[in-house]
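Working notes, structure below.
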Amino acid sequence: MDLRRRALLGVNGLRVLLMLFHTVARIMAEQEVENLSGLSTNPEKDIFVVRENGTTCLMAEFAAKFTVPYDVWASNYVDLITEQADISLTRGAEVKGHCGHDESELQVFWVDRAYALKMLFVKESHNTSKGPEATWKLSKVQFVYDSSEKTHFKDAVSAGKHTANSHHLSALVTPAGKSYECQAQQTISLASSDPQKTVTMILSAVHIQPFDIVSDFVFSEEHKCPVDEREQLEETLPLILGLILGLVIVVTLVIYHIHHKMTANQVQIPRDRSQYKHMG
């Protein structure tokens, strides 16, 4: 009986160790993140990388700014007036994240965790006329801010932690297997726990891929946002029209030159018939 009990205890102990090892490995995988902002030439842009099992599974580059309204007392200390705090995501921020097959998450903290940004990405399949197609999107944004932080908030009433969330968000929609790129500014509205306050999140210089990264630290093929595509078309359209106009002018000149050369070699028949006797 003692041998059986010892064997049973050994098996249970081994199971506990395996479960503990699996939990620790999973936690380590979730925390395998890097902030590579120093590699960016844009001083306002952060670069975050999440890696699991030694392989990049999420990459995000962007600049972010938050416009946060908050109340302060008026000079009479009776009325409230609304001020505005402009909070930028600063370089060197702390980052966490994890990757999944259909859901990935990025969390960023800065200014001693007075501010925290959480971005949730999901991958979905859709039935189209061409068959099943998969896309990913930014489905949720959460921004936590502390209005008692004195750098951005001056004498805020009801100072403390507040949370702003997106509602039914479907942003940065991108075909599966591609990265999303957009240089133009994009605005996302967030409803704050501070009553009747709407926080505005402004993203710019965005390049994100939360799924299906093939090469370590390398984005897949870019899917450009409609604003960038329109701006690129507006920039290239005058050039295209100029090339077409130049080609038309060249073709016209060539045709004129050929026609002039052919007509110059023809015998000129005098219109005055009295001159015919001098011919031959």
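The values are calculated or read from the model by the stated rules, or taken from the named source; none is laboratory data. Small disclaimer: the values here were computed from a predicted structure and weren't measured. Glycine also receives a Cβ, built like all others from the backbone with ideal geometry; neighbour counts cover every protein chain displayed. Please note that ligands, DNA and RNA were not included when accessible areas were found on the heavy atoms of the full protein model with its side chains. Shrake-Rupley method; radii C 1.70, N 1.55, O 1.52, S 1.80 Å.
Label separation (ALA176 vs GLN196): 4.6 nm, computed from points 7 Å beyond Cα along the C-beta direction.
Computed on segment 115-219, with alpha-carbon pairs under 8 angstrom and 6+ residues apart, the relative contact order is 22 percent. Shape class of segment 110-166 from the Cα gyration tensor (axes a ≥ b ≥ c, square roots of the eigenvalues): prolate, since a/c reaches 1.5 or more and a/b is larger than b/c. Compute the signed sum of charges (Lys and Arg +1, Asp and Glu -1) over the other residues within less than 10 Å, Cβ to Cβ, of LEU89. Residues close to LEU89 contribute a combined charge of +1.
Nonpolar atom fraction for segment 91-145, defined as the carbon and sulfur part of the 1.4 Å probe accessible area, stands at 45 percent.
Once the 1.4 Å probe is applied to the protein heavy atoms, segment 148-199 comes out at 55 Å² accessible per residue. Within a straight-line Cα-Cα reach of under 18 Å, LYS140 can be paired with the following lysines, leaving aside sequence neighbours fewer than 8 residues apart in one chain: LYS65, LYS96, LYS118, LYS123. Accessible area per residue was computed with a 1.4 Å probe on protein heavy atoms; ARG51 scores about 40 Å².
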